[in-house]
Amino acid sequence: FGVFGYHIHAGNHCSGTAEDPFADTRGHFNPGETQHPYHAGDMPPLFGNNGYAYSAFVTDRFAIEDILGRTVIIHDHPDDFKTQPSGDSGKKIACGEIRRV
């Protein structure tokens, strides 16, 4: 069980360096250059349950076309919704590339 930070990031690859395996995901997707937690890529927390999670929400912060080719990151700590620039959500622990199938 756990609560995790969950964000769309501006980068387009789940690659990086030895120190940060997902460095190429860059920062949060934030085309409006707003403060956290109002970035377009800021999403509700992800609640884990025995290795599984499900998330669904409605937003007007982006359209599907805006995020295709970007990345989604799960962080090891929940987002505190105040610390700049990313909610003190900790280390990037999982990554996915957003693509049309």
(request) Along Cα→Cβ, 7 Å out, is where each label goes; now give me the distance between the ones at ASN50 and GLU97 in nm to one decimal. (result) 3.3 nm
(request) Could you tell me the accessible area of CYS14 in Å² (1.4 Å probe, neighbours in place), rounded to the nearest ten? (result) 40 Å²
(message) Could you identify which residue out of ALA18, ALA63, ALA40 has the top mean-square fluctuation in a GNM of the chain using Cα springs shorter than 10 Å?
(response) ALA18
(message) So, for the chain, what is the accessible surface per residue at a probe of 1.4 Å, expressed in square angstrom?
(response) 63 Å²
(message) Could you put ARG61, ARG70, ARG99 in order of accessible surface area, largest first, with the 1.4 Å probe and the full protein assembly present?
(response) ARG99, ARG61, ARG70
(request) Could you please state how large a percent of the accessible area of the chain is carbon and sulfur, counting protein chains only and using a 1.4 Å probe? (result) 55 percent
(request) Rank by packing, highest mean first: peptides 51-59, 29-37, with packing defined as the count of other Cβ atoms within 10 Å averaged across residues. (result) 29-37, 51-59
(request) With all protein chains present, calculate the accessible area of LYS92 using a 1.4 Å probe and round the result to the nearest 10 Å². (result) 40 Å²
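The values are calculated or read from the model by the stated rules, or taken from the named source; none is laboratory data. If you're wondering where the values come from, they're calculated on a predicted model, not measured in any experiment. A quick note on method: Cβ atoms are made from the backbone with ideal geometry, for glycine too, and the neighbour counts reach across all protein chains shown. The protein model used for the area step is the full one, side chains on, heavy atoms only, and it has no ligands, DNA or RNA in it. Shrake-Rupley method; radii C 1.70, N 1.55, O 1.52, S 1.80 Å.
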